[in-house]
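Student: Starting off with a structure, shown below.
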Amino acid sequence: MRNQSKRDIGSRFSNREDAERYRDRFKSGTRKWAHRCEVRALERALAAVGDSVRTIVDVGSGTGRFAPVLRGHAKRLIQIDFSKQMLDVSREGFSLPEDSGAYIQADARRLPLADNCAELVFCHRLLNHVQDADDRRSILAELRRISRRYVVISCLTAPTWIRAVRWISTAVRRRNPVAIAVDTSTLLREAVEAGMKETRRVPIRRVFAPCEFHILTKSLVFVVQCCIAV
Ligand SMILES: C[S@@+](CC[C@H](N)C(=O)[O-])C[C@H]1O[C@@H](n2cnc3c(N)ncnc32)[C@H](O)[C@@H]1O
């Protein structure tokens, strides 16, 4: 993965070393505090959507940083990621028996799950890295399709100076940084175009590039428009 000219989010974690590095950075490294902040915000977002639900799907679940929190809120947690290595690390860290968990290697643009199969679909730190607008639209459409009620997404961006520091640091280590591909307002507009509406925001951090979890539900206007179109 070193020295590759383009660091695409879909291929960035395709080896074990990168997967373990990602896990460790959030567990005990430079992103430890960010992880704690995100966990607290997710707990607030889950409290906002109400009682525990039967199934949650985490799309782009990575090393399963949120698996204990999500599983605490649902009877069954399905983790989906493009990278087998990320799923392996997740399974090793928080193993779920078959009746309460699944680890599926799949592409978020074509999820191998039935319509309305989960009450809540969670997708964090994935969409903001997806460069191609059509890919983002495909992912948003899939999140909406498999969700019976809620879709929770985020769009994290770091302040310019932090991005500059990261860029220099990755360049020094001869790695290419992963670009932030989209801003929050564009992503939310694309979510609306995919047939969802924002019902609530839960702050993840309030200073230095504030960001939130966006709780979306299916838009009735969109359903009516589709029916009319048919
Ligand atoms: C920045 S990590 C975030 C992981 C996790 N959500 C978290 O916050 O710790 C992005 C994850 O999305 C996965 N990913 C990238 N493209 C994907 C795709 N098209 N379908 C499914 N997963 C994808 C990557 O393998 C990686 O594990």
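Each value in this text was obtained by applying a stated rule to the coordinates, not by laboratory testing. Every value quoted in this text rests on a predicted model; they were computed, and no experiment measured them. In this analysis, Cβ positions are derived from the backbone assuming ideal geometry, glycine residues included, and neighbour counts consider all displayed protein chains.
Student: Going highest first, how would you order 110-119, 11-20 by mean Cβ packing within 10 Å?
Tutor: So the peptides 110-119, 11-20, ranked by packing, come out 11-20, 110-119.
Student: Return Arg23, Arg136 ranked ascending by Cβ neighbour count within 10 Å, so the fewest neighbours appear first.
Tutor: Ordered from fewest to most neighbouring Cβ atoms within 10 Å, Arg23, Arg136 come out as Arg23, Arg136.
Student: Who wins for biggest fluctuation among Phe66, Phe213, Phe26 in a Gaussian network model of the chain, springs between alpha carbons below 10 Å?
Tutor: Among Phe66, Phe213, Phe26, the largest GNM mean-square fluctuation belongs to Phe26.
Student: Where the centroid of each part is defined by its Cα atoms, how far is the range 25-59 from the range 110-170 in Å?
Tutor: With the range 25-59 and the range 110-170 each reduced to a Cα centre, they are spaced 15 Å.
Student: Taking the Cβ of each residue in Tyr150, Tyr103 as the centre, tally the other Cβ atoms inside 10 Å and list the residues starting with the fewest.
Tutor: So the ranking, lowest neighbour count to highest, is Tyr103, Tyr150.
Student: What order, most packed first, do the peptides 124-132, 75-83, 164-172 have when packing is the mean number of other Cβ atoms within 10 Å of each residue?
Tutor: 75-83, 124-132, 164-172
Student: To continue, here is another question. Can you work out the FRET efficiency for the pair Asp134 and Lys32, with r the C-beta to C-beta distance and R0 = 35 Å, to the nearest 0.05?
Tutor: That pair, Asp134 with Lys32, gives E of 0.50.
Student: Between Arg91 and Ala158, what length in nm is gained on full extension when 0.36 nm per residue of separation is reduced by their alpha carbon distance?
Tutor: Details: separation 67, 0.36 × 67 = 24.12 nm, distance 2.92 nm.
Using 0.36 nm per residue and subtracting the Cα-Cα distance, I get 21.2 nm.
Student: Something else now. Quick one: order Ile139, Ile104 by neighbouring beta-carbon count within 10 Å, fewest to most.
Tutor: Exposure proxy ranking, most exposed first: Ile104, Ile139.
Student: State the antiparallel share, in %, of DSSP beta bridges confined to the range 16-229, rounding to the nearest 5.
Tutor: 40
Student: Rg and Dmax of the range 16-229, using alpha carbons, in Å: what are they?
Tutor: For the range 16-229, the Cα-based Rg and Dmax read 16.9, 56 Å.
Student: Report the gain in length on full extension from Ser169 to Ala106: 0.36 nm times residue separation, minus Cα-Cα distance, nm rounded to one decimal. Present the calculation step by step, with values, prior to reporting the outcome.
Tutor: Working: separation 63, 0.36 × 63 = 22.68 nm, distance 3.11 nm.
Between Ser169 and Ala106, full extension yields 19.6 nm more.
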